[in-house]
Every structure is written in C-alpha cells, then in structure tokens.
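Read the figures in this text as sums done on the coordinates, not as results from a lab. Note that this is a predicted model, so its numbers are computed, not measured. Cβ placement follows ideal geometry from the backbone for every residue including glycine, while neighbour counts extend to all protein chains displayed.
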C-alpha cells in the first residue's frame, strides 16, 4: 500500500510540532524517518495513527484521502504501529493482547482464545518469532514484547507498519534480528516507516530516508549518503561533539563499588556484582544500550534503591552501608542529575526558585529556623538563572512551563552549585536542544577540571566518547569491561553487545 | 535482558504471621481457656420436611479442634511461603470460615445455634453488600474508583420503597431503584470521563448529595403519610421445589426473595462476562492500560461510561434489597455505611466477583452474629463483634491483600492527546 | 524588580480573562449554582407550587409566585437563622444567629484544615470521623476522669484531643508507609472500629460512661475547669473554640506557605518521586502529614468534647469529619479558603432550625453543600455552563498586581 502525507501541520498551543510535512512511502519500501529527539517524528506518526488530529493537511492511502478519528479507523485502513512505549496489557497473555480489539468470538461474544492462539502461532511461525501465546506479557523480555507488538499489527493485516524508535530498548543482536524481520516484512509487501535517530541503523536497513528537524522536513536522502551528511541534516549544523579538555589530574577515590547487586521493580537482578571506582578529577562514563541496569545502578548509588542481601557495598567518601538514606548521600556531597527530569528531577508545579531549593530544605542558606528564607532564596534563584542561562521571564515561573533544555539547566544549576565531591549524571542531554547540549557538556568538564569526581551514565556513544576519561560498558547488569576513552567505536560497539575484551 | 524470570524476592511472611497469631488466639482463648458448656448446633428447623439431629459439642473442645485446624492451615501456608509460592486464597478463606465457627461455638456456649437461620440471615444481609460490590467491581475494573456505592444503595432503597408503595407494584419499584441508581452512577461516570474530575472527590460528594436528597424528599414528601408513600411491604419468599426441601442448604439458598436469587445470578454472570467474553476482555484492558486499549480501537470513554453506569443498576438493586427485600420500608440514611463495606469487599475480594461474594458473606455473617449474640448472651460486648469485619478488612489490606494489584489505571483519568 | 525587565503595558482585556478563568470566579459561580440546585429542590417539593403547576399555562404567574415564595422564605430563613435576625427584640437576639454560625464554623474550619492538609500532600483522609472520635475519647477522659487546676485542665484536655486524633492519623500514615495500604480504605475501616470502641467505652461505668447515664451511651459532662470558656458571656454559646480555630488557620497558613516542613509536604504532594530523589523521606512525610492532618481534626474534637454541658454521646462528632471534606474542597485547601468555606457551612448548620420552621427540611442545605462541591470538582463543567474563557496563562494579573501594589511604595 502506498502512503502519502500531504502538508500535515500539528500545533500544541504555540508550539508547532509538525509544520506542513510531506512524505511518500511506496509499497514494500522501508522508509526511514530520521530526526533528533523532539524533532516531531512521533507526533507525525500519532497523527497518522489517528491519536492526534492534524490541524492541516491530508493523509492518502493508495491515492485516496482518508480521515481517521481514532486508531480504530487507522487500523481498519491497514496501518499498524509499534509504539516506543509498548501498548500491551502486562497482566494479559500474548494471545489476549493480540486478540484485543478484534477478538475472535464464539456465540454470545464468548472469547475464542483457541483461535487467538492459532493466530499468534501462525504469524510467529511464518516469521520465525518463537513466541508462546499463553505467556503473560509482563514476564517476557523487552525484545519479545516488541515482537508481540508486531504480531498485533500483522494479525490485523497491516499493510503499512510504523516502528517508532524500535531499537532504543534493544541490544545490538536484537536490533539485527529486528532488521532481519523488517526486511522480511518488506519483501512480503508491507510498507514500513522506521522512525529513529540512529544513523547506523538507517544506513543498514532503509530504502529511502526523510530527515526531520524542528517539525519540518529538511531533506531526503538515499541510504548510500555519507553519515556526516545525514548527521548535519539532522542537527542543522556539523556535529562537533568534541569538548576541549585538559589532561586529567586524578585524585583520591571518591566512589567505590564492590560487587554491587540490585533488583529492578519487577524483582529481577538488574545490576549484577558490579565493581568500579571513580576518582576525583575524572569522568567515568557508563556506556550501554538502554535497559541494561544503568538506571538501577544510578538509583542504588544515590540510595533510592536498596542493595540485595548478598550484595557488596557502595562507599562514597567513606559513607557505606546497605541502607543509606538518600538525604545522607546527598549531604555527603553528591550531586545527582536523574535520567528522567520530569519525573525525578523537578516538581513541575513548583517555581524555578522552589525547584532550586528542592534538596536544600533541611539546611542553610535556604532555611531560617523552621521557616524558609525567602529573600535568600529569591537572590540565589536570580543568580542561578543568570549563571546557567535559563531562558525565562522570572524565577517565579513554574518549572513545568520551561522547555526541556531549560528544565535540565535548572536541575544542573541546583546540583552543580552545591558543595559536592561526586556528581552522578544520568542522560544529561536527553531531549535537550543542541545549543544547551554544548553548554551542559562544558559545565560537566568544568566540574571535572575542578577536581570533582563525575560518573556519567549515557546511552549516547558520541557523548560518552567526547566527555569520558574512562569508559565502563554495561551489558545485562554486568560491567563488560573498563577501557580508556581512546578506544575505537567498533570495539565499544562489540562490548555493548556483551563481547568481553 | 535475560529471558529467565526467576523472582529474586522472597514471598512475604506477613500472611502466615497474622494467621499464626490468630490461630494461637483461637486455640488458647476459645480452646484451652474456653468454656466447658456444650454448644448445640441445630441443623433443621421445626417446620422442615427432613429433620436432622442437633450436633452437640463442648465449646472448649470445639475451640481446641478449631485451633488445631487453624494451626495446620497456618503451617501449610508457611510451607507455601517457604517454597516461595504465593499463599493460596483458598487457605485464607478456609481459615476465616473455621475461625468463625470457633467464635460461634465460644459465643454460644450453653446455647443452641440455629445454623440454617444464621447462614440464611447472613446471606440476606450480605445481598446489598454483594450487589454494591458488584457495581464497584464493574466500575473499578474499567479504571474508575467508585466511592459512591453508598449513595447508590441509598437512592435505590428510597426509590424501591416509594415507587413500590405509590404504584403498588414491587417490580416497578425494583426497576425504578435500578434506573435511578444507574443515573446517579452516570454522574460519576460523566465527571470521571468527560470532566476528568478527581474520582474520590466526586464519589464523596455524590454520597453527600444522595443523603441530602433522600433525607429532604423523605421529610418533605414521605413522612406526612407513610402508609401512602412508604409501606411497600416485602417481596414474597419463593421456595424452589425439591431444592428448597434439602436440609440446611434448602432454607439457606433456595427459600429466598427474588433479590437474593438475582444477586447470586448476577455474581455468576458478571464473572463470566469479565473473564470469558470479549466485553470483559476489553473492559479489563481499559482498566489496566487505557492508552493501549485506545490504540487498538477501543473507545475508552464509552467503555468506562457504560460499565460505571450499568454498575449503578446493580447497586440500585442492592438498595431495593434493603427496603422491599428486607426491612419493608425506607428510613433516613438507612444504608448506614453498607456502601463503604461494599468498597472494602471489592478490595478484600481482589476485584473478583467470586472472592468479593465470599467477603460480603463474611460481613453478612458478622452482622447477624452481632444481633444474635446480643440476644443469647447479653454479657458479650457486641461492639467488639461489630468491629471484627472492619478489623479483618484492615488486616487484610495491610497483610493478606497488600500485594494484590488493583487494575493498573484505577482512579486515573484518561486524557486523550 | 530589576531594571532590565521591560514593563509590559497593562492589557485589561487579558487581565479580565485571567480573572474570569481563575479559581475564585469558578468557586463563586459554583456556590451560586449550588444555591440554585437547592432552590430547585425547595420548589419541586412545595405543595403550593405543585398545585399551581397543573394550571401553568392558564396562570403561569401563580406557580412562579409560589416558587419565588418558597425560595425566598427558605433562604430568608437561612439568613435570619445564620447571620442577622432583624425581627429580634434585642440586639443580643439579633446577632445571636451570627454567633451561632461562628460557634458551629469553628470545628468545621479546624477539621477542614486537617483534611485540606492531607489533600495538599496528595492524601485522601476520609477518616476525619474516626480521628475526631478518638480525640473526643481522650479529651473526655481528661475532662471527666482527671482533676486538675483550672486553665491547666483545659490545656491538657485540648492537647489530649489533639494527640488522640493525631495518633490515629499517624497510624494510618504508618500503615501506608510500611505496607502501601491505601489510606482511603484504612481510614474508612478505622472510622467504624473507633466508633464501635467509643460505644463500648460509653456503656461501661468504669470507663467513660457517666454516673447518671443509666443504660445509655453518654459520658459525664466535662469538668468546669476543662470547659472552653464563653467568649461573649454566658448568654451566648460561642466559646474559645472559635478563637482556637482562627489560630489554627494562621498556623496552617504559616506551616504550608512559609515553613520548610510545608515545603516538603507540598513537594511530596506534587511529585513524590522527585521529592524522594531530593532526599525527602516520603514515607516519613506520609506519617507526618496524616498525623498533622489528624491533629487539626483533633482541635475540632476538643471543641466537641469540651463545649457541651451535657456530656458526650456517640453522635457528638456531629458528622464534622465528613463535612470537613467538603469544607476543604470548597476552600481549595488554602488557609483563607477553608476559613470562608467553614463559615459558609457553619452558617448552614446554624440556619437549619430556622429553615425547618418554614416547613422546609433543612436537609436542603446538605444538597446545596453537595452540589457546590460537585461543581467545584469539575472546572470544565462550570466553564461550559458560563462560557468562561479557558485557563489563561498570561502574566497580566501578576503585572497588574505589582503595578497596583508598587504604587507609592519605595522605588
């Protein structure tokens, strides 16, 4: 089926997420939609899928204009979508999930689960998926859950399959397997829209590439195009992710992990006997594909997550023990920039000034007896806003009203301004505009130059390579190896796939 | 991302711990330190076709045996936990039933226990709770927290009494009770789905409104001439041929008012719809992950609206069971907290019609036990018996069902992009 | 204000829009709509109106007149019974309704603050009743079973009420922190448990039952030394309880808006995981919040236990624990809001008997109360009914305010 988008525009308030976007996907083609986080790719696909209503523009299928009032219409028209966050019911079985929405039934609307199982088995056999129809989805690994999503779409006879950042949660092997699946599907006539910001994958699998930046189509390219060319189209200028750094001047060990094991929310061992040290004056980066235990590792260091009973210890400047409170860790001199700033870094209803005192409500300078020292707070807030270049009309503006980059600057302003010895920084530039990225990188290097120990956790290999003095690669909860920053990309890639060196 | 899904965390010892304390209590206080008098269980009433002999047993002896049985169950549950298995809910239920028998034996030392009467009354008293809970389950399964069951029971009770009296037709009374409560529930649905209001707040306020409106109309319209507006009488008792003559089971289950039969039927039908049909699968999907349901073309708002509203029908029937199904007239605020008990029953019953029915029966049982114990042995502080089901719920919430999961999206409004 | 910030010109139109879309406007409209709903019920239950409505098309005025009559006599009686009685013979008599309103508003305000504090932390404390009763139990014990010098006796009794309530709240918080038990369920269950326990205490002479209670559930009257003193002399029932409620309002304002504890409470309420990441102990905050919440409710308990000259009964909680929820909601959980909402619902209680005399069931006020809060709970509904503009996000109002308040102030 041929899919055409003509002049799609979608606005959220004053923000133009999609600005008259045109896109043509030929039958059996793998068409890659390339763009940075926040470029408007997902919005566009949600418009296509009927989740959002476009303000302007037209969708055509095989030349005929269509109008979707909901995902049901889109599906009926032959569009399937695998969302970045899986749309599965964790407590249902695979068969129930696949059946949901177009359930095979016997008399009186009684579910025919046998038919649903047969459907899962049929598709799964055809493409070699190996999925048990009776398994509960919550018990399945992420890669398999993704296949369930694909089966869901195929079971509805999808002619156009949209994959939204499908590799973000996959290991390199799983990514390769997915690409194989995509080629197979395309061969059988399915059109595929592949949304991603990863250049390597685009070049490996796409037949055609459309690049999107700030809600607009900025160009089209063939997969044979140079990586550098694609990258510059994507970010609007040549990417020079190099930060000037002085030679490292290592000091004493500030953070020491000794065979640390941690559980995730589903009670599975997410961090498995991890040991490493971070010294004053260095940036140690933890690289790895998302979901390999990095999140849990950071939370364990901060004290948000307890250690397992058979785990070794984490010690920060001599503070150790199994159940350290977050407050004791922070007061020991640790700054923490969490991975998800909306959820863990900021209170969006609070003003910038209030957010800047979020972890300072126990001690001076923000307090005066049991009360808040409002004068000092305002003074500090005005100063930080200037210092960290937070673009806002006032420090009384609620943090929720700021852009992603400015929100991140508020978090950094809070954490970097405290008297810290150790900085734990998770995904510092995720969803942050290019201008702010550079600013944030410079600040981090500045901290290292001032003799602070920095633990940088990032899934962006470019960022890791630009900032780190040493790189530890994490895979399935274990540190595969710790190498120096000059290690070449290919080798790091192998390590991220679990190959020890 | 490992494929193996071995759990790393041990099952909680809370359940066997609580059970251990309770079994020890029963064994020591009802058994070893129990009363020597005999207690007589009267299995069949005088008028029944088939007569069975009474069973007599020493109160202390009964307590001892019950205590030992409880210790055994506790041991079994402890074994399950030590094997890192989830404690079976059937053990919990059996445990509760035996503990109740022991309590009964202790209370009734030196007296006769009319078994059929107590069980039958427990069932009748449980019916409004059961029906309220079924309404609650319908609502919470699609993700709308329903604190307004109390108000729905109350409006149902009012309408059933007044409309039955005015029209002289009890069936019409039942239907109007159900429809009014459903309309009431529809308000919750609209506020939750359309206005994205805080569901707990709306529920609390609807209860205030239900009390206000029924009190007001009761005083303005009903009190002047109760015989013309509030004397509906009670529904006739239907005895099912043959089945009704079985000892114990017959009088308890098969000689009842239509409300009781309807309630039992509704529980079965609701269970079937929820877990065996397309409608149920979709409803549960909406309650677990509304966005996912939306992406496969299920209309979340509509599903929520209808399940919540139709849940009101059931609660309305529960209200009718209070007036024309039991007391025979309406009184101010006569639901007296049964709606909140129904809410507890929903949770205690893990959002499952069958388990919720068992929990409702527990409450029905405790109510009749309090009434009956107050009559046979005036020395018993009935206020403590009143507390028992609430304490059980409290213990269950913190111990037994602490880890049971409500529908994941329960109480969260669904905002479409 | 720094020099660099450019002064925007005042845009009256957008400032007006912001006022219209704001919560104050919405609250006022909700109150008006609530009264309209009450009027509707008065009208449809009025005999004269019902007789005339049959001839509506023949004589529309008759039914309209009947409707107008019943509404004006109903709400007129409310005013007369709750604010100012113009037909009273003496000045004392004329203002007595107002003092009654204040007296009845006191515990509503105190308990409303408590429930509101819970809301600010994202907790639904439905257990006001149980906490109130627990406070009454403790206060009654001190007031009837202990002998202490004046003043000290009163102070100890009030503290006992506050502690008695706070312990229950903190226990709920402990259960939530420790086991994750939902506070809505545990508070509801505790309501029943505590009320049963109170009944038990009131049935035993050796416990709290009064010497002259016979077989009834009633305590001795509070000792004179432990009674809240009258404010306007013995001829008015208004006592120190109202003053304590006002003190509570000020304390609540300071606690929530000015103190670091309030800062942490609000942080947990808005975003518990961010608060936790910032080193705030969320579980301890739940215990503290529910304890504080119940402590305010305890002040209402002191008022109920130490005001009456007749001793307490199982119904001495007077439904305040539940009314407090509506007070907190109407007041938006803010100190001034709860004060005003408490006064309004206090007036409803004070005016009840006057309405009853007019032949209208005072339960109509419960309907008004419920309807108001129902409208409050759904801002989009009010906006739709009155065609108000959607929420505005301009800075006009702030600019306007600073313009007004900086006039004449130091530059």
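Overview of results
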| item | result |
| --- | --- |
| Considering only chain B, percent of DSSP beta bridges that pair antiparallel, nearest 5 | 70 |
| Packing rank of A:60-68, A:472-480, where each peptide gets the mean count of other beta carbons within 10 Å, highest leading | A:472-480, A:60-68 |
| Shielding by partners - mean other protein chain Cβ count within 10 Å, residues of A:148-154 | 1 |
| Helix-only mean residue ellipticity at 222 nm for chain C, each DSSP H run of n ≥ 4 adding -39500 (n - 2.57), per residue, nearest 500 | -23000 deg cm²/dmol |
| Of all DSSP beta bridges in the range A:3-235, antiparallel share, percent nearest 5 | 55 |
| Distance histogram for the range A:346-418 (every C-alpha pair counted, 10 angstrom bins, percent rounded to whole numbers) | 22, 58, 19, 1 |
| Rough spin-label spacing in nm, given labels placed 7 Å along Cα→Cβ, for residue C:65 and residue B:61 | 8.4 |
| Listed residues C:160, C:177, C:328, most fluctuating in chain C (Gaussian network, C-alpha, under 10 Å) | C:177 |
| Nearest-ten-degree value, helix A:142-155 long axis tilted from longest Cα axis of chain A | 30 |
| Shielding by other protein chains, C:251-264, mean Cβ within 10 Å | 4 |
| Globularity index of the range A:423-501, i.e. its alpha-carbon radius of gyration over 2.2 N^0.38 Å | 1.12 |
| Label-point separation in nm, residue C:57 to residue C:148, each point 7 Å along Cα→Cβ | 7.3 |
| Angle in degrees between helix A:172-187 and the longest Cα principal axis of chain A, rounded to the nearest 10 | 20 |
| Shielding by partners, peptide B:269-281 (average Cβ within 10 angstrom, other chains) | 4 |
| For chain B, alpha-carbon Rg over 2.2 N^0.38 Å | 1.05 |
| Residue among C:193, C:70, C:282 with the largest mean-square fluctuation in a Gaussian network model of chain C, springs linking Cα atoms under 10 Å | C:193 |
| Percent of alpha-carbon pairs separated by more than 20 Å within the range C:120-188 | 38 |
| Two-decimal Rg/Rh across chain A, once Rg and the Kirkwood Rh are taken from alpha-carbon atoms | 0.99 |
| At R0 = 45 Å, FRET efficiency that the Cβ-Cβ distance of residue C:283 and residue A:187 yields, to 0.05 | 0.20 |
| Value of Rg to Rh for the protein assembly as shown (Rh from inverse mean 1/r over Cα pairs, i.e. Kirkwood) | 0.98 |
| q = 0.13, 0.15, 0.26, 0.29 Å⁻¹: log10 I(q)/I(0) that the Debye formula gives for the range A:1-51, counting C-alpha atoms only | -0.32, -0.42, -1.14, -1.30 |
| Cα-based Rg of chain C normalised by 2.2 N^0.38 Å, two decimals | 1.11 |
| Share antiparallel - DSSP beta bridges, the protein assembly as shown, percent rounded to 5 | 60 |
| Between the range B:183-261 and the range C:303-337, the alpha-carbon center distance in angstrom | 29 |
| Gaussian network model of chain C, Cα within-10 Å springs - most flexible of C:300, C:371, C:213 | C:213 |
| Computed [θ] at 222 nm, helices only, for chain A once each DSSP H run of length n ≥ 4 contributes -39500 (n - 2.57) | -9000 deg cm²/dmol |
| For the range C:236-292: relative contact order, % (alpha-carbon pairs under 8 angstrom, 6 or more apart) | 18 |
| Per principal axis, descending, Cα span of the range A:3-235 in whole Å | 53, 38, 30 |
| Gap separating the Cα centres of the range A:160-210 and the range C:243-259, nearest whole Å | 60 |
| 222 nm mean residue ellipticity, helices alone, for chain B (DSSP H n ≥ 4; -39,500 (n - 2.57); rounded to 500) | -20500 deg cm²/dmol |
